[in-house]
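Below: the structure, in structure tokens.
Derivation of every value follows stated rules applied to the coordinates shown; laboratory data play no part. The shown structure was predicted, so the numbers you read here are calculated from the model rather than taken from an experiment. Reconstructed Cβ throughout: ideal geometry from the backbone, glycine too, with neighbour counts over all protein chains shown.
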Amino acid sequence: MVLCDINLCTPKNGNDFVTQLKNTNPFVEVIFVTAFNDSKTISSVKKIAPLNYILKPFTKKQLTIAVHLALNLLNLKLRKTSVSLSKLSPTEIKITHQIANGYSSIEIGKALNISSKTVRNHRYNISKKLSLSNENNSLLKWAISNLS
């Protein structure tokens, strides 16, 4: 978990920093701690989906509560995801992470040196093991909500 300000006193802002960080580590979560409360900034931050957005000035107690609640949420999510992932093979876990990052079956196949048909078979098996519905993109939705 990262606490980040919007103003980093560099050409890039906290939003840029967190976006870049999430590209290399999709499991990182953020709480923004900032004085910016304009609608443009808040709109741009929504795309990142931070755990919280704390406006300065704040008290130590406010920050402590926000961090404790965020850690509790992350622990609950981690436990739920761990139980689900324990049902999958190592290859299926890799594929599920690739799906969460928005890669297609063809792209995943190239990355793992397997055919896209094999990836589609894995996707089917993963959906069954996770008891997902037959609805379109149910695996994609699950992967994004649990792994990104």
>> Can you tell me which condition HIS68 does not meet? The list is (1) within 15 Å of SER145 (Cα to Cα); (2) more than 14 Å from the chain's Cα centre (by Cα), and all the others hold.
In response: (1)
> Among the residues of the range 105-119 satisfying the criterion of being touching a Ser or Thr at 6+ places or on another chain (Cβ under 6 Å) and either of a type in the set (Gly, Ala, Ser) or surrounded by 14 or more Cβ atoms within 10 Å (Cβ to Cβ) (or both), which is nearest to SER84 (Cα to Cα)?
Replying inline: VAL119
> What number goes with the only condition from (1) over 25 Å from ALA143 (Cβ atoms); (2) in contact with a Lys or Arg (Cβ under 7 Å, 6 or more places away or on another chain) that LEU88 does not pass?
Replying inline: (1)
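Any residue at all in the range 118-141 that is under 18 Å from the mean Cα position of the chain (by Cα) and touching a residue at least 40 places away in the same chain (Cβ under 8 Å)?
Taking the range 118-141 and keeping what is under 18 Å from the mean Cα position of the chain (by Cα), we get 137-141.
Still in the running and touching a residue at least 40 places away in the same chain (Cβ under 8 Å): 139-140.
Among the residues of the range 118-141, at least one is under 18 Å from the mean Cα position of the chain (by Cα) and touching a residue at least 40 places away in the same chain (Cβ under 8 Å), which makes the answer yes.
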>> Just to be sure I understand, how many residues within the range 11-42 are surrounded by fewer than 16 Cβ atoms within 10 Å (Cβ to Cβ) and more than 24 Å from ALA143 (Cα to Cα)?
In response: 8
